[in-house]
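Engineer: To start, I am sharing the structure in question, which I have written as structure tokens.
What follows draws every value from the coordinates through simple rules; no lab data is involved. Keep in mind that this is a model prediction, so the values were computed, not measured. In this analysis, Cβ positions are derived from the backbone assuming ideal geometry, glycine residues included, and neighbour counts consider all displayed protein chains.
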Amino acid sequence: MKRIFLFAAIIGLLSVPAVTLAHHSAAAYETAKQITVTGTLTEFHFVNPHVLIYITAKDDDGATRKWQGEMTSPNRLVRAGWNKDIMKPGDPISLTGYPAKDGGNSIRITKVVLKGQPLSSDIE
């Protein structure tokens, strides 16, 4: 019985790092290329585990599209000078980052330009 418990405990401990690393994976994004999406901020969620930015932007055909951008944790952004009031709906914004592999309107943000001014580059 003790061997079964020990074996289960070892397997459990070995599987924790894999789960932790999988959560912070960029597997859903094409990290070999970057895109920039420029538009108007609609929502800003300064929450754990990842800050989310929602914008509307016009595509090449002039159609308005909704985009979701995902960033690092609020804790890391606070250390880079950000806070929950750094941006408001209606602000002009550009997001640069890795596009979603599935072709959806989602981006893993690496750079933010707000009202024409770049924000801290320490956001990945």
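Engineer: For a quick check of your reading of the filter: which trypsin sites (Lys or Arg not before Pro) in the stretch 21-85 sit in a DSSP loop and have no more than 12 other Cβ atoms within 10 Å?
Structural biologist: Numbers: sites: 33, 58, 65, 66, 76, 79, 84; in loops: 33, 84.
Here the trypsin sites (Lys or Arg not before Pro) that fit, given the DSSP loop and packing criteria, are 33.
Engineer: I need the fraction of alpha carbon pairs in the stretch 29-118 separated by more than 15 Å, rounded to a whole percent.
Structural biologist: That fraction is 57 percent.
Engineer: Tell me which lysines have Cα within less than 23 Å of residue 33's Cα, excluding those fewer than 8 residues away on the same chain?
Structural biologist: Leaving aside lysines fewer than 8 places away in the same chain, those within reach of residue 33 are 58, 66, 101, 111.
Engineer: Taking the Cα-to-Cβ direction at residue 26 and at residue 80 and moving 7 Å from each Cα, how far apart do the two end points lie in nm?
Structural biologist: 1.2
Engineer: Within the stretch 81-100, find all residues whose amide N lies under 16 Å from a label point positioned 7 Å from the Cα of residue 58 along Cα-to-beta-carbon.
Structural biologist: Within reach of a label on residue 58, which here means backbone N under 16 Å from a point 7 Å along Cα→Cβ, the stretch 81-100 contributes 92-94.
Engineer: So, in nm, how far is label residue 113 from label residue 88 when the simple model puts each one 7 Å beyond its Cα toward the Cβ?
Structural biologist: 2.3
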